[in-house]
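A quick write-up on the structure given underneath.
The values are calculated or read from the model by the stated rules, or taken from the named source; none is laboratory data. Keep in mind it's a predicted model, so treat the numbers as computed, not measured. Ideal geometry is used to build each Cβ from the backbone, glycine not excepted, and the neighbour counts take in all protein chains shown. Side chains are part of the model used for accessible areas, which takes the heavy atoms of the whole protein and leaves out ligands, DNA and RNA. Shrake-Rupley method; radii C 1.70, N 1.55, O 1.52, S 1.80 Å.
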Amino acid sequence: MRFAIVMILGFVLISTVSCKDETKKEIKTEAIHFSKEGELTISRPQTDSTLVKLDIEIAETDYETQTGLMYRDSMDDNQGMLFIFSDNEMRSFYMKNTEIPLDIIYINEKLEIVSFQKNASPLDETGLPSQFPAKYVLEINAGLSDKWGIATGDKIDFTRN
């Protein structure tokens, strides 16, 4: 029995002495910058007026839609991210790893705005659902949908570069 205890203590001592003291290393990542992939216009069909024109990044692959605007520290007011899905269904977004407050605009297959989640808080993992089925989702800086007077029923149109 003593032999087993001595062996265990010896193993622990050797393991402790042979381990290096490693300090934590800070992992630095490069900032993610906006990459213009198209242009988007929001208009009011009742008055045939353009409310705003934006440069957009387009998210349509699984990776792009899962990452979205995560890990970015800013976005210009004339920029947004358009998520394109293959079908029109209920959607829910969240702000995990998203450092800037956003307005999330849900848009149906007819390119009509159907609902909003305004002033989404950075880093909040609470689900932010659409009120109606959506095929597209547009993210812009928080407060801009009110500033520009965007409402349900307004339409979008977009082109790719």
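Couple of notes before you dig in:
- Filtering region 92-110 to residues that are in a strand (DSSP E or B) and under 19 Å from residue 155 (Cβ atoms) leaves 103, 104, 105, 106, 107.
- Residue selected from region 34-59 under the condition open to solvent by 80 Å² or more (accessible area, probe 1.4 Å) and acidic (Asp, Glu), by the criterion farthest from the chain's Cα centre (by Cα): 48
- Residue check for residue 107: surrounded by 13 or more Cβ atoms within 10 Å (Cβ to Cβ) and more than 11 Å from the chain's Cα centre (by Cα): yes
- Positions within region 81-96 being free of Cβ contacts under 8 Å to residues at least 40 places away in the same chain and crowded, with 16+ Cβ neighbours inside 10 Å, in sequence order: 94, 95
- Filtering region 111-135 to residues that are assigned to a strand (DSSP E or B), open to solvent by 30 Å² or more (accessible area, probe 1.4 Å) and of a type outside the set (A, V, I, L, M, F, W, C) leaves 112, 117, 118, 119, 129, 135.
- Residue within region 136-144 that is touching a residue at least 40 places away in the same chain (Cβ under 8 Å) and of a type in the set (Val, Ile, Thr) present: yes
- For region 60-80, the criterion of a residue being open to solvent by 70 Å² or more (accessible area, probe 1.4 Å) and assigned to a strand (DSSP E or B) is satisfied by no position.
- Residue match in region 136-153 (condition: in a loop (DSSP other than H, G, I, E, B), open to solvent by less than 70 Å² (accessible area, probe 1.4 Å), among the aromatic types (Phe, Trp, Tyr) and more than 14 Å from residue 68 (Cβ to Cβ)): yes
- Residue selection: residue 102 satisfies the criterion of being over 15 Å from residue 60 (Cα atoms), crowded, with 22+ Cβ neighbours inside 10 Å and modelled with pLDDT of 95 or more.
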